[in-house]
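Worksheet: one structure, shown below.
We did not get these values from a lab; they are worked out from the coordinates using the rules stated. These figures come from a predicted structure and were not determined experimentally. Please note: Cβ atoms are built from the backbone with ideal geometry, for glycine as well, and neighbour counts cover all protein chains shown.
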């Protein structure tokens with residue numbers, strides 16, 4: 001492997017040529033116990049958990065060793081797959097990690113891959129990247145289209161605080177050398193070709209769950225992400241496209257050239273605006289409003305939405321609204337401003353009139369639950385949870401499952 005990796009020069013040349021780099025061929029646990037040093041950073045990128053022997057690097061015992069050999073404030077980072085896996089196995093890994101670390105943050109590296117970041121002895125801070133301080137690092141990041149802090153922040157899916165109630169209810173124990181859950185379950189998941197990618201919903205579905213129930217983030221003034229075809233930031237990029245079209249000129253006029261990036265995201269964003277302009281039936285107009293409103297409220301920032309909303313309301317699909325339709329607009333604006341109490345009130349009002357079989361009802365249940373939980377209205381969240389059992393318990397949405405776990409944590413009898 002050491003010789004084969006030379007074929008990746010110059011990408012990894014410093015691993016061989018930097019005087020601070022030492023390649024040691026041995027088992028990580030043996031190295032830790034032999035040298036007994038403290039490290040500022042430990043990066044663990046094992047093979048897939050179903051590969052023989054790899055599961056031990058996702059265990060309670062390994063995480064304890066790693067934590068003991070981190071300096072105070074030291075960072076531990078580990079890669080984990082979501083493909084050929086399942087959500088219960090992810091829960092088993094996170095339980096094992098959480099036994100040694102007070103906090104962790106989960107980021108999407110690419111579709112189907114996550115990076116788990118922990119800090120020894122304190123909460124995981126938000127990314128702080130100075131792209132001018134290290135030209136070589138900046139060049140390497142630009143190669144994978146990471147040019148702004150938002151290119152990292154936008155990939156955050158969850159943290160320990162958000163997931164803890166769900167983990168408490170997850171059926172599998174923490175993966176351990178003495179209870180090797182991954183050893184006997186990961187091969188099964190691979191054979192059945194199951195997936196844990198539903199976890200990605202937390203970062204890219206149209207409700208700001210992490211913003212209201214996870215660690216507080218420092219909001220940006222505008223949405224500004226880079227893009228590549230395999231990037232998980234396609235929803236952010238589409239929202240930027242809609243924003244820029246709305247602020248540039250009226251719909252139907254000649255448009256500027258498409259932004260550089262994934263053509264499909266550009267076309268989908270343009271199609272939403274065209275649907276708003278050309279739809280004729282009330283159902284089509286309602287669909288256009290929902291798609292535009294929910295998407296922009298989630299992926300644009302509060303300051304830029306203040307400018308975008310009036311432009312959006314000038315479009316044909318937002319003309320002549322009924323009182324119920326105006327309630328939808330109030331809900332989107334409350335979500336955009338991250339005002340949980342107003343979110344819950346608007347969503348509860350709309351639940352009284354929305355069809356039980358509607359796709360939009362599941363969105364309203366999620367918005368109302370999130371609003372009540374974010375505002376600290378636990379009793380109201382419990383009441384809603386009991387009124388909407390099919391939407392909450394029977395839903396395949398991982399995001400709804402996490403919200404329901406937060407409610408059940410406060411009221412264990414509801415489990």
| Roughly how tilted is helix 181-192, in degrees to the nearest 10 and between 0 and 90, from the longest Cα axis of the chain? | 50
| field | For the chain, alpha-carbon Rg over 2.2 N^0.38 Å | value | 1.07
| said: Angle check, please: helix 160-169 long axis (alpha carbons) against the longest principal axis of the chain (alpha carbons), in degrees 0 to 90, nearest 10. | reply: 90
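Sort 33-46, 160-173, 197-210 by packing, meaning the average of other beta carbons within 10 Å per residue, with the highest value first. If you can, show how the numbers build up before the last one.
Working: 33-46: 12.3, 160-173: 17.3, 197-210: 20.8.
Averaged packing, sorted descending, gives the order 197-210, 160-173, 33-46.
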| query | What is the gain in length, in nm to one decimal, between residue 52 and residue 37 on full extension, counting 0.36 nm per residue of separation less the C-alpha to C-alpha distance? | reply | 2.6 nm
| request: Put one equal scatterer on each alpha carbon of the range 38-204, apply the Debye formula with no solvent term, and list log10 I(q)/I(0) at q = 0.14, 0.16, 0.17, 0.21 1/Å to two decimals. | output: -0.74, -0.96, -1.07, -1.51
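Within a 10 angstrom radius of the beta carbon, how do 278, 240, 1, 343 rank from fewest other beta carbons to most? Please report the intermediate quantities before stating the final value.
Details: 278 13, 240 23, 1 6, 343 30.
Ascending number of Cβ neighbours within 10 Å: 1, 278, 240, 343.
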| Given R₀ = 25 Å, FRET efficiency for residue 338-residue 247 by Cβ-Cβ distance, to 0.05? | 0.70
| field | Chain lengthening between residue 134 and residue 178 when straightened (0.36 nm per residue, less Cα-Cα) | value | 11.4 nm
| query | Counting other C-beta atoms within 10 Å, which of 146, 24 has the fewest, and how do the rest follow? | reply | 24, 146
| remark: Taking Cα atoms only, helix 302-313 is inclined relative to the longest principal axis of the chain by an angle, in degrees rounded to 10, of 30
| message | Per 0.36 nm of contour for each residue apart, how much would the distance between residue 221 and residue 352 grow if the chain were fully extended, relative to their Cα-Cα spacing? | response | 43.6 nm
| Mean Cβ neighbour count within 10 Å, used as a protection proxy, ranking 133-139, 96-102 highest first | 96-102, 133-139
| field | Size descriptor, Kirkwood hydrodynamic radius, that averages inverse alpha-carbon separations across the range 16-135, Å | value | 15.6
| Label-point separation, residue 322 to residue 26 (7 Å along Cα→Cβ), nm | 7.3
| Got a sec? Which residues in the range 20-51 would a label at residue 187 touch, if it sits 7 Å along Cα→Cβ and we count backbone N under 11 Å? | 50-51
| What whole number of Å gives the distance from the Cα centroid of the range 117-166 to the Cα centroid of the range 271-325? | 32
| Distance from the range 339-354 to the range 42-72 (C-alpha centre basis), Å | 44
